[in-house]
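The block underneath contains the structure these notes are about, expressed in structure tokens.
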Amino acid sequence: MFKILVAIAGLAVVSCSAPVDSGSDDGPSQPANWDAELRLPEAVDVNPTPHVFETTLTAKVVNLELVPGKITPVWTYNGLLPGPLIRVAPGDRLIVHLVNELPEPTTIHWHGIRLPNSMDGVPATTQAQVEPGGRFDYDFVLPDSGTFWYHPHVDSAAQAGFGLYGPLIVTDPNEPAGLGDELVLVLSDMMLMDDGSQAPPEGGGDLATLFGREGDTLLVNGKVNPTLHALAARRQRWRVINTAKSRYFQLMLEGQQFTRIGSDQGLIETPESSDRIILTPAQRADVVLDLALPSASSRPVRWVPYDRGFGSTEFRPEETVFTIQTSVDPAQASPPLPILHREIAPIDVSNATRQFIDLTQSAEGEPFSLGINGVPGDRAPALMAAVGDTQMWTVRNTIAFAHPFHLHGFFFQVMDVNGVPPTVREWRDTVNIPIDATVNLAVNFNERPGMWMFHCHILDHAEAGMMGMLHLHEH
Ligand code: C2O
Ligand code: CU
């Protein structure tokens with residue numbers, strides 16, 4: 001099959017002449033350099049020991065040309081937007097030397113990783129913030145497969161908004177071949193001024209904080225509307241990460257169905273099909289698609305407004321995130337998708353302790369703040385749990401905007417949203433709490449005592465007080 005495809009590609013009048021081998025057993029698939037505009041530079045492992053990945057992330061401001069002819073100072077890891085892709089296997093040890101060359105203190109939080117509390121990157125709680133010119137060594141083992149990411153936890157709305165985020169992939173050795181050619185998509189946005197500089201993070205005051213600041217420039221892998229050169233009918237596997245500080249992403253591609261196979265922590269119980277991919281800030285989706293475009297055609301992957309409260313959909317046009325261009329090669333379908341099933345045992349909540357978490361806004365007349373149970377995060381008492389406890393958290397939204405609720409260090413199972421159980425079981429660290437909704441989630445605090453944070457991942461909301469702590473103590 002390889003020979004035939006090479007021959008066809010050789011005859012075709014395209015710049016991409018030789019197909020690349022996807023490494024799986026279903027033969028060559030995409031045109032060479034199909035993802036040249038979207039491929040992410042990978043972090044370099046300087047440690048020769050197998051199963052130890054050691055690298056340096058230097059946080060620094062660099063000038064990038066995101067929009068042609070304009071220079072934007074971007075806060076980056078190693079000068080890259082997004083930061084370098086770290087790819088490891090479960091059980092690997094990751095050592096990251098953070099060097100802070102920013103004008104402000106920072107830390108790195110490893111979003112979704114079940115790591116020791118001291119490695120969680122929360123300033124003043126799990127470590128001292130890393131001052132400008134300072135360093136910190138992160139060193140932990142990655143227990144779970146999945147698509148994860150990293151970002152600062154100091155002044156996070158500003159720092160992540162300015163460009164500090166990067167992808168972290170923990171491969172799954174048990175996954176079957178034939179899931180398609182991988183594309184990692186780091187979605188974000190930025191608010192750019194006319195001169196190309198970034199808007200100040202607190203523009204628009206309390207109202208903008210309440211809405212959550214979205215940028216006016218959509219970015220995928222740090223690019224504005226890049227092109228993917230793909231082969232029609234062939235299978236692709238997208239690992240999508242929403243790293244935006246406030247924007248929800250709802251992606252659609254005309255005529256295309258997506259099969260969601262994974263979410264925050266690896267595969268979901270059974271794949272499910274949809275015409276769209278929806279991600280709150282911080283969520284991940286792993287989807288496969290057999291590209292439903294004719295040969296030699298071009299079609300945009302669109303951001304479609306998602307209703308997360310007043311102003312999120314009204315008069316807002318759809319926007320192009322990236323463009324897929326198919327080559328003139330004749331389409332050749334991929335073999336059928338392998339059967340995927342992951343046994344995920346439901347968490348036994350029969351003896352679960354209840355916690356009630358209302359997402360709240362300060363009362364009228366008081367200075368503007370957001371909070372948990374009426375108290376901004378910095379003044380709220382910690383919730384308690386003992387190692388070994390199973391808890392059921394009832395998260396109730398009392399504000400007219402949706403909130404992506406995130407718990408550090410542990411995965412949970414959503415039991416129901418307004419009484420309706422989810423269609424498929426999956427492990428999540430971030431869940432959407434829709435307007436007027438109550439969500440029950442179950443979590444097993446079976447290990448790793450410490451102070452674990454939870455917060456809204458609209459980072460403007462977190463900074464305004466919608467955060468809290470769980471004190472997980474030994475018995
Ligand atoms: Cu991505 Cu405190 O979180
Ligand atoms: Cu929120």
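The values are calculated or read from the model by the stated rules, or taken from the named source; none is laboratory data. Small disclaimer: the values here were computed from a predicted structure and weren't measured. Positions of Cβ are backbone-derived with ideal geometry, glycine not excepted, and every protein chain shown enters the neighbour counts. Please note that ligands, DNA and RNA were not included when accessible areas were found on the heavy atoms of the full protein model with its side chains. Shrake-Rupley method; radii C 1.70, N 1.55, O 1.52, S 1.80 Å.
So the values come out like this:
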{"read-out": "Test set (1) touching a strand residue (DSSP E or B) at 6+ places or on another chain (Cβ under 8 Å); (2) among the polar types (S, T, N, Q); (3) open to solvent by 10 Å² or more (accessible area, probe 1.4 Å) - THR49 fails condition number", "value": "(1)"}
{"read-out": "Residue among ARG379, ARG354 that is assigned by TED's automatic domain parsing to the domain that holds ALA437 and either under 28 Å from the mean Cα position of the chain (by Cα) or in contact (Cβ under 8 Å) with a residue 12 or more places away in the chain (or both)", "value": "ARG354"}
{"read-out": "Residue that is farthest from ligand 1 (Cβ to nearest atom) [pool: residues in region 391-428 that are among the polar types (S, T, N, Q) and touching a residue at least 40 places away in the same chain (Cβ under 8 Å)]", "value": "THR423"}
{"read-out": "Only one of SER263, SER274 that is in contact (Cβ under 8 Å) with a residue 12 or more places away in the chain, out of contact with any Ser or Thr (no Cβ under 7 Å at 6 or more places or on another chain) and surrounded by fewer than 17 Cβ atoms within 10 Å (Cβ to Cβ)", "value": "SER274"}
{"read-out": "Residue list for region 374-391, filter: within 16 Å of ligand 2 (Cβ to nearest atom) and surrounded by 15 or more Cβ atoms within 10 Å (Cβ to Cβ)", "value": "VAL375, PRO376, GLY377, ALA380"}
{"read-out": "Any hit, region 340-347, residues being β-branched (Val, Ile, Thr) and under 30 Å from LEU38 (Cβ atoms)", "value": "no"}
{"read-out": "Residues within region 280-339 that are among the polar types (S, T, N, Q) and closer than 30 Å to VAL414 by Cβ, tallied", "value": "4"}
{"read-out": "Cβ-Cβ under 7 Å pairs, at least 6 apart or on other chains, region 440-467 side closer than 15 Å to HIS151 by Cβ and touching a residue at least 40 places away in the same chain (Cβ under 8 Å), far side more than 12 Å from ligand 1 (Cβ to nearest atom) and in a strand (DSSP E or B)", "value": "CYS456/LEU359; CYS456/HIS403; ILE458/HIS403"}
{"read-out": "Elements of type strands (runs of 3 or more DSSP E) contained in region 72-159, each with 2 or more residues being closer than 24 Å to LYS223 by Cβ", "value": "72-77, 86-88, 146-151"}
{"read-out": "Residue match in region 197-220 (condition: more than 25 Å from MET466 (Cβ to Cβ) and basic (Lys, Arg))", "value": "no"}
{"read-out": "Residue in region 131-152 that is open to solvent by less than 10 Å² (accessible area, probe 1.4 Å), within 16 Å of ligand 2 (Cβ to nearest atom) and touching a His at 6+ places or on another chain (Cβ under 8 Å) present", "value": "no"}
{"read-out": "Residue list for region 53-98, restricted to those being open to solvent by less than 20 Å² (accessible area, probe 1.4 Å), of a type in the set (Val, Ile, Thr) and without any contact (Cβ under 8 Å) to a residue 60 or more places away in the chain", "value": "THR55, ILE95, VAL96"}
{"read-out": "Strands (runs of 3 or more DSSP E) within region 417-468 that include 1 or more residues open to solvent by 40 Å² or more (accessible area, probe 1.4 Å) and touching a Leu at 6+ places or on another chain (Cβ under 8 Å)", "value": "450-456"}
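Rundown of residues vs (1) touching a Cys at 6+ places or on another chain (Cβ under 9 Å); (2) within 14 Å of ligand 2 (Cβ to nearest atom), yes/no style:
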{"position": "MET415", "(1), (2)": "no, no"}
{"position": "ASP429", "(1), (2)": "no, no"}
{"position": "ALA437", "(1), (2)": "no, yes"}
{"position": "ASN444", "(1), (2)": "no, no"}
{"position": "ARG448", "(1), (2)": "no, no"}
{"position": "MET466", "(1), (2)": "yes, yes"}
